[in-house]
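Just so it is clear, none of the values below were taken in a lab; they were calculated from the coordinates. These figures come from a predicted structure and were not determined experimentally. Here the Cβ positions follow ideal geometry from the backbone for every residue, glycine too, while neighbour counts run over all protein chains shown.
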Amino acid sequence: MKSTSICLLLTFFLVGCAELGTQGNISTGKVVPAVVFQPTDASYILACMDELQDIKKSEFRSYFKALSAGIDQRPDRDKLRLICLSLNPKASYKQFRQGIAVLQRYIESHPENRADLKGLLALAGRLDQAKIQRWSGRKKLEEEKKILEQKIDELVNELQQREVRIHELQQQIEQLKNIENIIKNREHSAVGTKSYD
């Protein structure tokens with residue numbers, strides 16, 4: 001009887017503690033809701049980006065190639081993974097654009113996740129603009145570099161031509177000096193011969 005009383009007392013104590021844990025404060029009568037976190041598609045993509053940020057280039061290429069083959073028939077997680085890979089710094093611009101296209105189709109087919117994914121799409125759009133501006137800036141610099149290299153080639157060629165002309169003029173000056181010396185020597189010889197006559 002004593003052991004039965006202890007068991008009942010212990011049971012009431014445990015049930016009371018369990019209810020207290022799930023319902024919160026008994027004195028106020030408030031119920032504390034249990035929070036269940038379900039990751040959104042956008043959070044899955046962001047977590048994937050973090051996970052794959054240090055992926056090797058060779059692994060990245062083979063992984064992207066395997067995922068992109070028949071992507072529209074693949075499960076949703078594969079589509080999200082491809083979007084994640086397309087946002088990786090190792091992705092080419094073509095791969096990046098492919099990921100954005102998959103993201104746009106995914107948003108259209110999953111209206112329940114539209115808000116989060118539209119925000120991600122907006123960020124991807126900004127990244128696209130930055131890539132285009134960087135590319136056009138680089139292209140402009142390359143064009144300017146090409147023009148400057150051509151100008152340098154022209155100036156070097158002009159300098160070489162001037163050096164050749166200077167060398168030719170120096171040779172002509174030397175020849176003229178030699179002719180002048182020969183004439184002076186002849187005149188001097190002729191004057192000396194006359195004085196002996």
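Ranking Lys177, Lys79 by Cβ neighbours within 10 Å, fewest first, what do you get?
Lys177, Lys79
Where does each of 180-187, 39-46 land if you order them by average Cβ count within 10 Å, highest first?
In descending order of packing, they fall as 39-46, 180-187.
Of Lys57/Lys94; Lys90/Lys146; Lys94/Lys151, which ones are farther than 25 Å apart at the Cα?
Those over the limit are Lys90/Lys146; Lys94/Lys151.
Can you give the FRET efficiency for Ala47 and Ser136, using 1/(1 + (r/R0)^6), R0 = 41 Å, r = Cβ-Cβ distance, to the nearest 0.05?
Efficiency, from the Cβ-Cβ distance: 0.80.
Between Ile107, Ile132, Leu82, whose Cα lies farthest towards the positive end of the dipole of region 42-140 when Lys and Arg beta carbons carry +1 and Asp and Glu beta carbons carry -1, centred on the Cα centre?
The one lying farthest along the dipole's positive direction is Ile132.
Could you tell me which of rounded, prolate or oblate describes region 126-184, using a ≥ b ≥ c as the square roots of the eigenvalues of the alpha-carbon gyration tensor, with rounded for a/c under 1.5 and, failing that, prolate when a/b is larger than b/c and oblate otherwise?
It is prolate, given that a/c is not under 1.5 and a/b is the larger ratio.
Based on the mean of other beta carbon atoms within 10 Å per residue, what is the order of 144-151, 105-112, most packed first?
Numbers: 144-151: 10.0, 105-112: 12.6.
Taking the mean over residues of other Cβ atoms within 10 Å, the ranking is 105-112, 144-151.
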